[in-house]
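The values are calculated or read from the model by the stated rules, or taken from the named source; none is laboratory data. A quick note: this is a predicted structure, and the numbers were derived from the prediction, not measured. Here Cβ is always computed from backbone atoms with ideal geometry, including for glycine, and neighbour counts include all displayed protein chains.
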Amino acid sequence: MEPTSKLFFKVGQQTSKHPKLILTIQLLISISSCIGFFWIDVKSSPHSLWVDTDSSSHHDKNYVDDNFGPTWRINRAIFTAKDSSVTDVFQREYLEEVWKIQSAMETMEILYDNQLLTLDYFCHKPGYSSNCYTTSPMNFWKMNVDVLMTDLYVKQVAMCLNNAGNNGISCYDRNGLPIRRNSVFGGTSCDIDGNGNCSLNAKALILTFYLNDDQHTIDLGARVWERRVFEHKLRDFNNNEKNKLKVSYGSQRALHDKLQKYEEVNPLIIGIPLLFLFIVLGIMFSSLPSKVHSRFLLSAGAISIIIASVVIAIGSSPIFDKDLYVITIQVLPLLLIILGAGHYFVIIWANDKAKINSDGKTNENILAETMKNSGPILTVAFLSELTVFIIGCTYNYPGIREFCESCVVGLIFLYIFQVTGFPAMLELDTRRIHKKRIDVLCCFDLIGDDKLIRRNYIKKTVNKWWIPSLFNIVTKISCGLIALSLMLLAFGGMDNVHRGLNPQVLAPSGSNLQNYYEDYEKYMETGELGYLVLKDLNYTSISNRNLIMKLSDSVSQMTKSVQGPVYAWINPFTTYLNVKNSECNNTDISEYDFNTQLQRFLQVPYSSSCCKMFGVCGELYRNDIVFSGSSFSVKQIKTTRLRFYFQPLRSQHEYIRAYRELKHAADKWAKDFVFMPNNANSLMQSNPAEIDWISSKNTYKSDEKLVFSFGDFFEYYQQYNSIRGDTLEKYFICIAVFLFVFELFFGAYVGFIITFLIALSSWAVVGLCFIFNEMIGGHTTDMNAVSGLNFLISCCIAIESIIYVTAEFLNKFEQAKSQKSQASRDQNSKIVISQLSPILVGQILTQLIGIIPLACFSSDFYSLYFFRIYLFAMLLGLFYGTVLQPIVLSYLFPVRSAYTSPPPVEKELLMKS
């Protein structure tokens, strides 16, 4: 570290000469970055935070949206009885309450952009109907409350055995679509009547509005309708004490709104930690009760550097046209406290040592010695931590990548300001002390005497209690066993920590959105729509048609993930070709070519006798087939889809399983299809799909393969196929860079020791997360991109506790070589721990100041994925850095590593040894 030490010696000299100039330059840089705050636009969309923009599932969604249109905006309400003793709400009095609220929401007008708008402007409508597509238990009565009130046998309607007069079959809604009972009832059970029929009981009634999600609908005011009508009406419904039902609800915008609230940073969550940091730094820097040697003004300066770094990191984002995400606003200030506040103690400690050995040196030389001793170790910490966030920038999730980019900017300026600006402040504070001016009120001279009392409470406590206990043989054996257990536990935890991110943890605790997620898991009996998308196939091939039917049958049998049947247009189309009947107007169908046959099939109305008698309802499938032109006259089909419903997926494991099963099925069958002649895709040139559960030799990338499966949640869950491998890959890259940096500064021997301890410390975080998940229950810390990044950040937190001890050992070794002295390893370990105890205690306090507020957010997300991981990292860093490391170094470090003439405290320790 000799070249670095010389560099910082010169930095200290120049800083001592021009402290005001340096501080002025830094102030101007900070102020100029504030310009960016005028253009700040904080992103809070869950999609932008968690979706890998380079993933095949993301490209699949873009393909589906471009060809079939965006999927729906889902607004769902789950009604349950207020009286917990009521176990069946499928009764007339409860249905009437649902009708009232549904009718009110369908007819209520809102004024938006100088227009009076109703649900009719926003809702999704099947192409063959003018009615909104809404799933509701009132669909059995076509939303006609008079029919409901006069119906003598309410429960028989759901059996679909009786006719509903002139309105058609009772189990068809206003659009003529079959009613799926499990989409409108929840928590169902059966009472078998005398005829063996099921008399349905339901614990929940479910109402769902489907809105279009295209940009035109959003611009028209769909989000406004969701807030002013859907959410407002249901909130009033809950507040109405006369209602016998209560409702939990989730709108499409709900989670986005909750995340958006985090943009409004609670001043207390940031202000209180800064206040405590000011007090802690002030007390630790000062020699109280001295008014002159008090350093609270210096403490304020130290905090201003952290604030300036945050301001620059956030303000520079819009200046460089970078998106800013809510996670950055909330976590970055606290993270810089965790990683940066402890550095001040290193500088102050080095300054105090330089003053003790000053021997008449000038302030310039004292500050130069200070930076010579502290600058290199701060540089090592900075480079190591910077490595983690640079590697974090390789994530493809926009929110995480931007967070890491902001952290890189914040760390760079924090480092620059700490090695230049803080020494400048220290120089000005030293001048104040020499002039005997009062701290804070630095314009006033001290009147009277000011006694300087150095009590060294921390060192005395450490010398009396900690050091004798630490180097006890029982402690040494216990620490070794604990370290081994943590390492083995981490290996088990890496495979057993569940993958995923429960959306409930994103919602504020106790919010209605939390209640909705709980009711969804408890009562929902059907999932959302999924698709099998077929691209550029040759549909004239009988083999292809048979393969489509086999694929459909195969998927419908995946009963753990899919609710059958699969709605495949190819099945009724085949029936249309084979069953010739005048009602279907297809007696001469065999005389036409394939494209004409398909066009005539798609024109069969859902209200026709052909549809009711033979199930040939071609009109229902018109949105499932996209032609290469703008009309049916074009002869080539571009793409088609098969529709199905997922099972009600209640856990992250079930979501991941559904994703893998559907992807597997599509990839398995894709290799057998024949593509359209003259198509640009060539199966022989396709690359293997990036999947790990089957051989990839016969599967293809989504952009090139002919068949792929799709669900709205696939974008979010593809990462879990490789999240463990990706995290470990980045982890080992970090460790490799640490090893290089540490060996460069400390040498191969010491560098390996530091790297090994940091690796053990950060690795053990996974094991502790696993244990707490199993012991505490409730929401768990799962493996995802956020926890993976924080797993890497735990290396940074461990670095803060580990490298100072090793660096001081190395410093003593170098001094011992120059002075030709010798002392035992145990003696040297005790001296180092004693000397560094103020730094280590300050490190603990400042890290806690940054970590504890992360548990104070209203969302469990921050407490699970930031507070818990950072707290574990801090505790493990302390264990490996201040407990295990001295023990290890007392056995492994070179013997010649002590002063010739130890200071008094060290002499006392040596004598006790």
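Here are a few things to note about the model shown:
- Any hit, region 479-493, residues being among the aliphatic types (A, V, I, L, M) and under 30 Å from PHE230 (Cα atoms): no
- Applying the criterion of being among the polar types (S, T, N, Q) and in a loop (DSSP other than H, G, I, E, B) to the residues of region 14-53, the residue that is surrounded by the most Cβ atoms within 10 Å (Cβ to Cβ) is SER44.
- Applying the condition of being surrounded by fewer than 19 Cβ atoms within 10 Å (Cβ to Cβ) and part of a strand (DSSP E or B) to region 149-186 and asking which residue is modelled with the highest pLDDT yields PRO178.
- Residue selected from region 704-723 under the condition within 15 Å of the chain's Cα centre (by Cα) and not aromatic (Phe, Trp, Tyr), by the criterion surrounded by the fewest Cβ atoms within 10 Å (Cβ to Cβ): ILE723
- Residue list for region 54-90, restricted to those being polar (S, T, N, Q) and not in a helix (DSSP H, G or I): SER55, THR71, ASN75, THR80, SER84, SER85, THR87
- Unique match (being modelled with pLDDT under 75 and either on the phi > 0 side of the Ramachandran plot or not assigned by TED's automatic domain parsing to the domain that holds GLY747 (or both)) among LYS820, LYS912: LYS820
- Taking the criterion of being part of a helix (DSSP H, G or I), modelled with pLDDT under 90 and crowded, with 24+ Cβ neighbours inside 10 Å, the residues of region 299-329 that qualify are SER317, ILE327, THR328.
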